[in-house]
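**Q** One structure follows; several queries about it will come next.
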Amino acid sequence: MKYPNTLDLNTYRAYMCARHLNRDKTRQLDAINLDWDLNVPEPLKVLCLKAIADNWMTVPYFRELPLCEDRQYLLDLLDLNFPLETLCARVRSDAFWKRAFHHRWRTFVPIEVGTKPWIRIYLEQHLAELVEHLKPNEYDQESVKRIVDLCSPFVRELRLERLQPSLSDNSDHVPLDAVLANLRRLQRISVTYDVKDVGHNFFLGCATITEMDVKLMTQGLERCGELTEFRLHSSKLEPTMMKRISAALGKGCPQLRTIAFPHCRCGDIGLRAFCDSIKPHSFPNIREVVLTNNFLSPESVQELTWRLRHRRIEKLDLRLNPILTEGAMFIITSVFYMPLQELNLSCCSIDEQIEEYLLMLIRFNDTIKRLDISSNRLSPAMGERLLQRVYENKTLQQLDLRNTDISYDVRAIIDEVILENRDPHSLHTW
(Lines give C-alpha, C1' and ligand atoms only; values in the text may rest on other atoms or scores of the structure.)
Protein backbone atom coordinates (compact mmCIF):
# COMPACT_ATOMS: atom_id res chain seq x y z
CA MET A 1 0.00 0.00 0.00
CA LYS A 2 1.42 3.36 -1.04
CA TYR A 3 0.95 6.49 1.01
CA PRO A 4 0.61 9.86 -0.68
CA ASN A 5 3.76 11.94 -0.52
CA THR A 6 1.75 15.17 -0.74
CA LEU A 7 -0.88 16.46 1.70
CA ASP A 8 -3.45 19.19 1.21
CA LEU A 9 -2.76 22.21 3.43
CA ASN A 10 -6.34 22.43 4.73
CA THR A 11 -6.34 18.73 5.62
CA TYR A 12 -3.03 19.15 7.40
CA ARG A 13 -4.37 22.08 9.44
CA ALA A 14 -7.54 20.20 10.35
CA TYR A 15 -5.75 17.12 11.66
CA MET A 16 -2.51 18.65 12.95
CA CYS A 17 -2.51 20.03 16.49
CA ALA A 18 1.03 21.05 17.39
CA ARG A 19 0.41 21.75 21.07
CA HIS A 20 -0.85 18.20 21.64
CA LEU A 21 1.97 16.60 19.67
CA ASN A 22 4.04 14.34 21.88
CA ARG A 23 7.61 13.90 20.69
CA ASP A 24 8.51 11.48 23.44
CA LYS A 25 9.01 8.20 21.59
CA THR A 26 9.17 6.19 24.79
CA ARG A 27 5.63 7.16 25.89
CA GLN A 28 3.09 4.41 25.40
CA LEU A 29 -0.70 4.31 25.42
CA ASP A 30 -2.26 4.04 28.89
CA ALA A 31 -5.24 1.69 28.49
CA ILE A 32 -6.49 2.46 32.02
CA ASN A 33 -6.95 6.15 31.20
CA LEU A 34 -10.41 6.42 29.63
CA ASP A 35 -9.80 9.98 28.43
CA TRP A 36 -6.90 9.09 26.20
CA ASP A 37 -8.90 9.83 23.03
CA LEU A 38 -9.79 13.43 23.89
CA ASN A 39 -6.92 14.75 21.84
CA VAL A 40 -7.90 12.80 18.74
CA PRO A 41 -8.97 15.25 16.02
CA GLU A 42 -12.63 15.32 15.07
CA PRO A 43 -13.63 13.99 11.67
CA LEU A 44 -13.40 16.44 8.83
CA LYS A 45 -17.16 16.26 8.23
CA VAL A 46 -17.86 17.39 11.79
CA LEU A 47 -15.42 20.27 11.45
CA CYS A 48 -17.14 21.34 8.23
CA LEU A 49 -20.58 21.22 9.84
CA LYS A 50 -19.34 23.32 12.75
CA ALA A 51 -17.91 25.84 10.31
CA ILE A 52 -21.27 26.00 8.51
CA ALA A 53 -23.08 26.49 11.81
CA ASP A 54 -20.72 29.29 12.88
CA ASN A 55 -21.13 31.11 9.55
CA TRP A 56 -24.76 30.24 8.92
CA MET A 57 -25.85 33.87 8.60
CA THR A 58 -23.61 34.39 5.56
CA VAL A 59 -23.88 30.85 4.13
CA PRO A 60 -27.23 29.37 5.25
CA TYR A 61 -26.61 25.84 3.98
CA PHE A 62 -29.20 23.29 5.00
CA ARG A 63 -31.08 21.78 2.09
CA GLU A 64 -27.80 21.56 0.20
CA LEU A 65 -26.58 18.89 2.63
CA PRO A 66 -27.23 15.49 1.02
CA LEU A 67 -27.56 13.30 4.13
CA CYS A 68 -30.33 13.56 6.71
CA GLU A 69 -27.92 12.76 9.52
CA ASP A 70 -25.76 15.71 8.51
CA ARG A 71 -28.78 18.02 8.51
CA GLN A 72 -29.81 16.80 11.94
CA TYR A 73 -26.32 17.33 13.31
CA LEU A 74 -26.29 20.85 11.88
CA LEU A 75 -29.64 21.62 13.52
CA ASP A 76 -28.20 20.60 16.88
CA LEU A 77 -25.34 23.05 16.36
CA LEU A 78 -27.36 26.03 15.12
CA ASP A 79 -27.68 29.04 17.36
CA LEU A 80 -31.28 29.66 18.45
CA ASN A 81 -30.74 33.43 18.33
CA PHE A 82 -30.55 33.64 14.56
CA PRO A 83 -33.13 35.96 12.92
CA LEU A 84 -36.56 34.37 12.72
CA GLU A 85 -36.92 35.26 9.04
CA THR A 86 -33.87 33.17 8.10
CA LEU A 87 -34.90 30.21 10.25
CA CYS A 88 -38.46 30.14 8.88
CA ALA A 89 -37.22 30.26 5.30
CA ARG A 90 -34.63 27.49 5.66
CA VAL A 91 -35.60 25.16 8.51
CA ARG A 92 -38.72 23.00 8.87
CA SER A 93 -37.39 20.32 11.21
CA ASP A 94 -39.70 19.48 14.12
CA ALA A 95 -36.72 18.64 16.32
CA PHE A 96 -35.17 22.09 15.86
CA TRP A 97 -38.38 24.06 16.46
CA LYS A 98 -39.25 21.94 19.48
CA ARG A 99 -35.80 22.69 20.93
CA ALA A 100 -36.28 26.39 20.15
CA PHE A 101 -39.73 26.42 21.79
CA HIS A 102 -38.60 24.81 25.04
CA HIS A 103 -35.51 26.99 25.15
CA ARG A 104 -37.58 30.18 24.90
CA TRP A 105 -40.60 29.16 27.03
CA ARG A 106 -39.15 26.84 29.63
CA THR A 107 -42.21 26.76 31.90
CA PHE A 108 -44.94 26.95 29.25
CA VAL A 109 -46.65 23.73 28.16
CA PRO A 110 -48.53 24.01 24.84
CA ILE A 111 -51.99 22.47 24.68
CA GLU A 112 -53.46 20.31 21.95
CA VAL A 113 -50.11 19.58 20.34
CA GLY A 114 -51.22 16.40 18.58
CA THR A 115 -49.70 16.20 15.12
CA LYS A 116 -49.19 19.94 14.70
CA PRO A 117 -45.72 20.86 13.39
CA TRP A 118 -43.56 22.57 15.97
CA ILE A 119 -42.82 25.51 13.70
CA ARG A 120 -46.56 26.27 13.81
CA ILE A 121 -46.66 25.94 17.60
CA TYR A 122 -43.64 28.22 17.94
CA LEU A 123 -44.91 30.95 15.62
CA GLU A 124 -48.43 30.90 17.10
CA GLN A 125 -47.00 31.46 20.57
CA HIS A 126 -44.54 34.05 19.24
CA LEU A 127 -47.31 36.07 17.59
CA ALA A 128 -49.64 35.81 20.59
CA GLU A 129 -46.91 36.97 22.98
CA LEU A 130 -46.06 39.88 20.70
CA VAL A 131 -49.67 41.12 20.52
CA GLU A 132 -50.32 40.58 24.24
CA HIS A 133 -47.33 42.69 25.32
CA LEU A 134 -47.70 45.38 22.67
CA LYS A 135 -48.74 48.74 24.12
CA PRO A 136 -51.16 50.92 22.14
CA ASN A 137 -48.86 53.96 22.26
CA GLU A 138 -46.02 51.85 20.80
CA TYR A 139 -48.11 50.30 18.04
CA ASP A 140 -46.57 50.53 14.57
CA GLN A 141 -48.75 49.03 11.87
CA GLU A 142 -45.94 48.47 9.39
CA SER A 143 -43.73 46.54 11.81
CA VAL A 144 -46.69 44.51 13.07
CA LYS A 145 -47.74 43.71 9.52
CA ARG A 146 -44.21 42.58 8.70
CA ILE A 147 -44.20 40.12 11.59
CA VAL A 148 -47.72 38.90 10.80
CA ASP A 149 -46.75 38.27 7.18
CA LEU A 150 -43.84 36.17 8.40
CA CYS A 151 -46.08 34.04 10.65
CA SER A 152 -49.15 33.97 8.40
CA PRO A 153 -48.28 30.82 6.36
CA PHE A 154 -48.03 28.76 9.55
CA VAL A 155 -50.53 30.25 12.04
CA ARG A 156 -53.89 28.47 12.29
CA GLU A 157 -54.85 29.42 15.84
CA LEU A 158 -54.47 32.62 17.86
CA ARG A 159 -55.05 32.75 21.63
CA LEU A 160 -54.90 36.20 23.21
CA GLU A 161 -55.41 35.91 26.96
CA ARG A 162 -54.81 39.61 27.65
CA LEU A 163 -54.37 42.91 25.82
CA GLN A 164 -52.58 46.00 27.05
CA PRO A 165 -54.94 48.96 27.57
CA SER A 166 -54.21 52.50 26.48
CA LEU A 167 -52.96 55.02 29.05
CA SER A 168 -55.33 57.65 27.75
CA ASP A 169 -58.93 58.17 28.79
CA ASN A 170 -60.47 56.27 25.86
CA SER A 171 -59.08 52.89 27.09
CA ASP A 172 -58.70 51.58 23.54
CA HIS A 173 -56.57 48.45 23.21
CA VAL A 174 -54.14 47.41 20.50
CA PRO A 175 -56.02 47.37 17.16
CA LEU A 176 -56.49 43.85 15.80
CA ASP A 177 -57.55 44.76 12.27
CA ALA A 178 -54.07 44.49 10.73
CA VAL A 179 -53.33 41.27 12.63
CA LEU A 180 -56.52 39.41 11.72
CA ALA A 181 -56.77 40.70 8.16
CA ASN A 182 -53.34 39.32 7.25
CA LEU A 183 -53.76 35.91 8.88
CA ARG A 184 -55.42 34.43 5.82
CA ARG A 185 -55.25 30.81 7.09
CA LEU A 186 -56.53 31.54 10.59
CA GLN A 187 -59.06 28.95 11.75
CA ARG A 188 -59.46 29.50 15.48
CA ILE A 189 -59.29 32.67 17.55
CA SER A 190 -59.80 33.26 21.26
CA VAL A 191 -59.61 36.84 22.60
CA THR A 192 -59.88 38.31 26.10
CA TYR A 193 -59.84 42.09 26.53
CA ASP A 194 -58.45 41.88 30.03
CA VAL A 195 -55.25 42.42 32.01
CA LYS A 196 -53.37 39.89 34.11
CA ASP A 197 -51.08 42.19 36.05
CA VAL A 198 -51.51 45.49 37.85
CA GLY A 199 -48.84 48.13 37.35
CA HIS A 200 -48.41 51.79 38.14
CA ASN A 201 -50.67 52.73 35.24
CA PHE A 202 -53.64 50.61 36.34
CA PHE A 203 -57.04 52.27 36.69
CA LEU A 204 -60.59 50.98 37.01
CA GLY A 205 -62.05 50.29 33.61
CA CYS A 206 -58.73 49.85 31.82
CA ALA A 207 -59.76 46.32 30.81
CA THR A 208 -63.12 47.41 29.36
CA ILE A 209 -63.65 46.70 25.69
CA THR A 210 -64.56 49.79 23.66
CA GLU A 211 -66.55 50.46 20.51
CA MET A 212 -63.31 51.17 18.62
CA ASP A 213 -61.86 47.83 19.76
CA VAL A 214 -64.87 45.97 18.38
CA LYS A 215 -64.92 47.99 15.17
CA LEU A 216 -61.27 47.24 14.37
CA MET A 217 -61.62 43.59 15.39
CA THR A 218 -64.64 43.05 13.14
CA GLN A 219 -62.85 44.69 10.22
CA GLY A 220 -60.20 42.01 10.53
CA LEU A 221 -62.75 39.20 11.05
CA GLU A 222 -64.47 40.03 7.77
CA ARG A 223 -61.31 38.90 5.96
CA CYS A 224 -60.86 35.62 7.86
CA GLY A 225 -62.60 33.41 5.31
CA GLU A 226 -61.33 30.14 6.81
CA LEU A 227 -62.30 30.91 10.42
CA THR A 228 -64.13 28.01 12.10
CA GLU A 229 -64.04 29.01 15.78
CA PHE A 230 -64.56 32.42 17.42
CA ARG A 231 -64.35 32.91 21.20
CA LEU A 232 -64.56 36.21 23.07
CA HIS A 233 -64.02 35.82 26.83
CA SER A 234 -64.85 37.93 29.85
CA SER A 235 -65.51 41.20 28.04
CA LYS A 236 -68.55 43.37 28.77
CA LEU A 237 -70.36 43.59 25.44
CA GLU A 238 -72.92 46.26 24.65
CA PRO A 239 -75.81 45.65 22.20
CA THR A 240 -74.13 47.67 19.46
CA MET A 241 -71.00 45.56 19.84
CA MET A 242 -72.97 42.31 19.61
CA LYS A 243 -74.71 43.55 16.47
CA ARG A 244 -71.43 44.50 14.83
CA ILE A 245 -69.81 41.15 15.69
CA SER A 246 -72.81 39.21 14.37
CA ALA A 247 -72.76 41.10 11.08
CA ALA A 248 -69.01 40.59 10.60
CA LEU A 249 -69.06 36.87 11.37
CA GLY A 250 -72.11 36.25 9.22
CA LYS A 251 -70.58 38.13 6.29
CA GLY A 252 -66.94 37.10 6.29
CA CYS A 253 -66.83 33.68 8.01
CA PRO A 254 -69.00 31.17 6.13
CA GLN A 255 -67.07 28.21 7.60
CA LEU A 256 -67.72 29.21 11.21
CA ARG A 257 -68.66 26.27 13.43
CA THR A 258 -68.24 27.65 16.97
CA ILE A 259 -69.44 30.92 18.50
CA ALA A 260 -68.65 31.51 22.17
CA PHE A 261 -69.26 34.52 24.42
CA PRO A 262 -68.53 33.15 27.91
CA HIS A 263 -68.83 35.65 30.78
CA CYS A 264 -69.52 38.60 28.44
CA ARG A 265 -72.64 39.83 30.31
CA CYS A 266 -74.41 40.84 27.12
CA GLY A 267 -77.89 40.39 28.65
CA ASP A 268 -81.20 40.03 26.83
CA ILE A 269 -80.74 43.23 24.83
CA GLY A 270 -77.29 42.18 23.64
CA LEU A 271 -78.43 38.71 22.61
CA ARG A 272 -81.43 40.19 20.82
CA ALA A 273 -79.13 42.57 18.93
CA PHE A 274 -76.94 39.64 17.92
CA CYS A 275 -79.94 37.63 16.70
CA ASP A 276 -81.41 40.56 14.75
CA SER A 277 -78.36 40.59 12.49
CA ILE A 278 -78.69 36.90 11.68
CA LYS A 279 -80.09 36.35 8.20
CA PRO A 280 -81.56 33.07 6.92
CA HIS A 281 -78.33 32.23 5.08
CA SER A 282 -76.01 33.32 7.93
CA PHE A 283 -73.92 30.74 9.80
CA PRO A 284 -74.82 27.73 7.64
CA ASN A 285 -72.17 25.53 9.29
CA ILE A 286 -72.62 26.56 12.92
CA ARG A 287 -72.41 23.60 15.31
CA GLU A 288 -71.58 25.00 18.77
CA VAL A 289 -72.99 27.97 20.70
CA VAL A 290 -71.60 28.96 24.13
CA LEU A 291 -73.34 31.72 26.12
CA THR A 292 -72.11 31.04 29.64
CA ASN A 293 -72.96 33.65 32.28
CA ASN A 294 -74.59 36.32 30.13
CA PHE A 295 -77.58 37.26 32.33
CA LEU A 296 -80.10 35.70 29.93
CA SER A 297 -83.81 35.43 30.79
CA PRO A 298 -86.48 33.01 29.50
CA GLU A 299 -87.61 35.54 26.88
CA SER A 300 -84.19 35.81 25.25
CA VAL A 301 -83.76 32.03 25.36
CA GLN A 302 -87.05 31.63 23.53
CA GLU A 303 -85.82 33.89 20.73
CA LEU A 304 -82.47 32.11 20.64
CA THR A 305 -84.09 28.70 20.22
CA TRP A 306 -86.26 30.06 17.43
CA ARG A 307 -83.15 31.32 15.61
CA LEU A 308 -81.27 28.05 16.06
CA ARG A 309 -84.14 25.69 15.33
CA HIS A 310 -83.28 25.16 11.66
CA ARG A 311 -79.53 24.93 12.13
CA ARG A 312 -77.57 21.79 12.91
CA ILE A 313 -76.47 22.73 16.42
CA GLU A 314 -74.57 19.96 18.21
CA LYS A 315 -73.56 21.75 21.42
CA LEU A 316 -75.42 24.40 23.43
CA ASP A 317 -73.99 25.81 26.67
CA LEU A 318 -76.26 28.11 28.73
CA ARG A 319 -74.91 27.50 32.22
CA LEU A 320 -74.90 30.25 34.83
CA ASN A 321 -77.85 32.03 33.20
CA PRO A 322 -81.11 32.61 35.18
CA ILE A 323 -83.34 31.17 32.47
CA LEU A 324 -85.58 29.49 35.10
CA THR A 325 -87.80 26.51 34.38
CA GLU A 326 -89.63 28.39 31.67
CA GLY A 327 -86.47 28.91 29.64
CA ALA A 328 -85.42 25.29 30.15
CA MET A 329 -88.79 24.20 28.74
CA PHE A 330 -88.13 26.21 25.57
CA ILE A 331 -84.71 24.62 25.23
CA ILE A 332 -85.91 21.04 25.74
CA THR A 333 -88.78 21.51 23.30
CA SER A 334 -86.45 22.81 20.60
CA VAL A 335 -84.01 19.93 21.10
CA PHE A 336 -86.26 17.71 18.99
CA TYR A 337 -85.69 20.04 16.02
CA MET A 338 -81.88 20.03 16.29
CA PRO A 339 -79.31 17.20 16.24
CA LEU A 340 -78.08 18.34 19.66
CA GLN A 341 -75.44 16.11 21.24
CA GLU A 342 -74.41 18.17 24.28
CA LEU A 343 -76.61 20.41 26.43
CA ASN A 344 -75.44 22.30 29.52
CA LEU A 345 -78.10 23.84 31.78
CA SER A 346 -76.06 23.92 34.98
CA CYS A 347 -76.86 26.65 37.54
CA CYS A 348 -79.87 27.97 35.61
CA SER A 349 -82.37 28.27 38.53
CA ILE A 350 -84.43 25.30 37.33
CA ASP A 351 -86.84 23.67 39.80
CA GLU A 352 -88.87 20.42 39.98
CA GLN A 353 -91.49 21.71 37.51
CA ILE A 354 -89.13 20.69 34.72
CA GLU A 355 -89.72 17.00 35.52
CA GLU A 356 -92.22 16.25 32.77
CA TYR A 357 -90.06 17.83 30.06
CA LEU A 358 -86.89 16.22 31.36
CA LEU A 359 -88.44 12.76 31.44
CA MET A 360 -89.74 13.27 27.91
CA LEU A 361 -86.27 14.33 26.74
CA ILE A 362 -84.53 11.30 28.21
CA ARG A 363 -87.14 8.87 26.91
CA PHE A 364 -87.65 10.04 23.32
CA ASN A 365 -84.50 11.93 22.33
CA ASP A 366 -81.91 9.80 20.54
CA THR A 367 -79.17 12.36 19.82
CA ILE A 368 -78.05 13.87 23.14
CA LYS A 369 -74.96 12.21 24.59
CA ARG A 370 -74.08 14.67 27.36
CA LEU A 371 -76.61 16.42 29.57
CA ASP A 372 -75.65 18.66 32.50
CA ILE A 373 -78.41 19.90 34.82
CA SER A 374 -76.30 20.10 37.97
CA SER A 375 -76.77 22.76 40.67
CA ASN A 376 -80.52 23.09 40.10
CA ARG A 377 -83.28 22.49 42.67
CA LEU A 378 -84.79 19.19 41.59
CA SER A 379 -86.83 17.02 43.96
CA PRO A 380 -85.46 13.80 45.50
CA ALA A 381 -88.43 11.86 44.12
CA MET A 382 -87.47 12.87 40.60
CA GLY A 383 -84.38 10.70 40.84
CA GLU A 384 -86.39 7.47 40.91
CA ARG A 385 -88.42 8.43 37.86
CA LEU A 386 -85.28 9.55 36.01
CA LEU A 387 -83.74 6.17 36.72
CA GLN A 388 -86.65 4.41 35.05
CA ARG A 389 -86.29 6.53 31.92
CA VAL A 390 -82.53 6.13 31.79
CA TYR A 391 -82.96 2.38 31.33
CA GLU A 392 -84.86 3.10 28.10
CA ASN A 393 -82.24 5.50 26.71
CA LYS A 394 -79.38 3.90 24.76
CA THR A 395 -77.78 7.13 23.55
CA LEU A 396 -77.08 9.17 26.69
CA GLN A 397 -73.48 8.74 27.86
CA GLN A 398 -73.17 11.38 30.58
CA LEU A 399 -75.80 12.84 32.92
CA ASP A 400 -74.61 15.27 35.58
CA LEU A 401 -77.04 15.47 38.52
CA ARG A 402 -74.76 16.83 41.24
CA ASN A 403 -76.23 19.33 43.71
CA THR A 404 -79.81 18.66 42.60
CA ASP A 405 -81.24 17.17 45.84
CA ILE A 406 -81.18 13.73 44.21
CA SER A 407 -79.59 11.19 46.53
CA TYR A 408 -76.09 9.92 45.93
CA ASP A 409 -77.26 6.29 45.71
CA VAL A 410 -79.67 7.04 42.89
CA ARG A 411 -77.06 9.08 41.03
CA ALA A 412 -74.58 6.21 41.37
CA ILE A 413 -77.07 3.75 39.83
CA ILE A 414 -77.81 6.18 36.99
CA ASP A 415 -74.10 6.52 36.28
CA GLU A 416 -73.71 2.73 36.12
CA VAL A 417 -76.60 2.43 33.67
CA ILE A 418 -75.27 5.21 31.46
CA LEU A 419 -71.80 3.71 31.52
CA GLU A 420 -73.09 0.79 29.46
CA ASN A 421 -73.92 3.19 26.60
CA ARG A 422 -70.34 4.32 26.23
CA ASP A 423 -67.88 2.91 23.77
CA PRO A 424 -65.19 1.05 25.78
CA HIS A 425 -62.49 2.38 23.42
CA SER A 426 -63.47 6.02 24.13
CA LEU A 427 -63.62 5.94 27.93
CA HIS A 428 -60.29 7.74 28.22
CA THR A 429 -61.80 10.86 26.61
CA TRP A 430 -64.37 11.40 29.38
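The values are calculated or read from the model by the stated rules, or taken from the named source; none is laboratory data. Remember, it's a predicted structure, so these values are computed and weren't measured experimentally. FYI the Cβ positions are ideal-geometry reconstructions off the backbone, even for glycines, and counts take in every protein chain you see. Note: areas computed on protein heavy atoms with side chains; ligands, DNA, RNA excluded. Shrake-Rupley method; radii C 1.70, N 1.55, O 1.52, S 1.80 Å.
**Q** Of all residues in the stretch 149-174, how many are within 22 Å of Phe108 (Cα to Cα) and either open to solvent by 80 Å² or more (accessible area, probe 1.4 Å) or not basic (Lys, Arg) (or both)?
**A** Residues flagged as within 22 Å of Phe108 (Cα to Cα) and either open to solvent by 80 Å² or more (accessible area, probe 1.4 Å) or not basic (Lys, Arg) (or both) within the stretch 149-174 amount to 10.
**Q** Here's another thing I want to ask about it. So, in the stretch 115-131, exactly how many residues are within 17 Å of Arg99 (Cβ to Cβ) and either of a type in the set (S, T, N, Q) or touching a Ser or Thr at 6+ places or on another chain (Cβ under 7 Å) (or both)?
**A** 1
**Q** Sticking with this one: Quick check on the stretch 289-312. Is at least one of its residues modelled with pLDDT of 95 or more, basic (Lys, Arg) and either over 26 Å from Thr210 (Cα atoms) or touching a strand residue (DSSP E or B) at 6+ places or on another chain (Cβ under 8 Å) (or both)?
**A** No, there is no match, as no residue in the stretch 289-312 is modelled with pLDDT of 95 or more, basic (Lys, Arg) and either over 26 Å from Thr210 (Cα atoms) or touching a strand residue (DSSP E or B) at 6+ places or on another chain (Cβ under 8 Å) (or both).
**Q** Residue check: is Gln341 of a type outside the set (Gly, Ala, Ser), more than 24 Å from the chain's Cα centre (by Cα) and under 26 Å from Gly383 (Cα atoms)?
**A** Against the criterion (of a type outside the set (Gly, Ala, Ser), more than 24 Å from the chain's Cα centre (by Cα) and under 26 Å from Gly383 (Cα atoms)), Gln341 does not qualify.
**Q** Mind checking which helices (runs of 4 or more DSSP H) fall wholly inside the stretch 175-284 and carry at least 3 residues that are open to solvent by less than 70 Å² (accessible area, probe 1.4 Å) and under 30 Å from Asp149 (Cβ atoms)?
**A** Here the list reads 177-181, 211-221, 239-252.
**Q** Which residue out of Glu64, Glu69, Glu112 is without any contact (Cβ under 8 Å) to a residue 24 or more places away in the chain and on the phi > 0 side of the Ramachandran plot?
**A** Within the list Glu64, Glu69, Glu112, the selection yields Glu112.
**Q** So, of the residues in the stretch 76-101 that are open to solvent by 80 Å² or more (accessible area, probe 1.4 Å), in a helix (DSSP H, G or I) and not basic (Lys, Arg), which turns out to be farthest from Glu157 (Cα to Cα)?
**A** Asp76
**Q** May I pose another question? Select from the stretch 134-148 the residues that are open to solvent by 30 Å² or more (accessible area, probe 1.4 Å) and closer than 25 Å to Gln255 by Cβ and list them in ascending order.
**A** Lys145
**Q** Suppose we filter the stretch 338-354 for residues that are of a type in the set (Ser, Thr, Tyr) and either in contact with a Phe, Trp or Tyr (Cβ under 6 Å, 6 or more places away or on another chain) or over 19 Å from Glu299 (Cβ atoms) (or both); how many remain?
**A** Matching residues across the stretch 338-354 total 1.
**Q** Can you find even one residue in the stretch 249-272 that is closer than 24 Å to His133 by Cβ and among the hydroxyl-bearing types (Ser, Thr, Tyr)?
**A** No, every residue in the stretch 249-272 fails to be closer than 24 Å to His133 by Cβ and among the hydroxyl-bearing types (Ser, Thr, Tyr).
**Q** Something else about it: Is one or more of the residues making up the stretch 213-223 in contact with a Lys or Arg (Cβ under 9 Å, 6 or more places away or on another chain), farther than 30 Å from Phe283 by Cβ and modelled with pLDDT under 95?
**A** No: zero hits.
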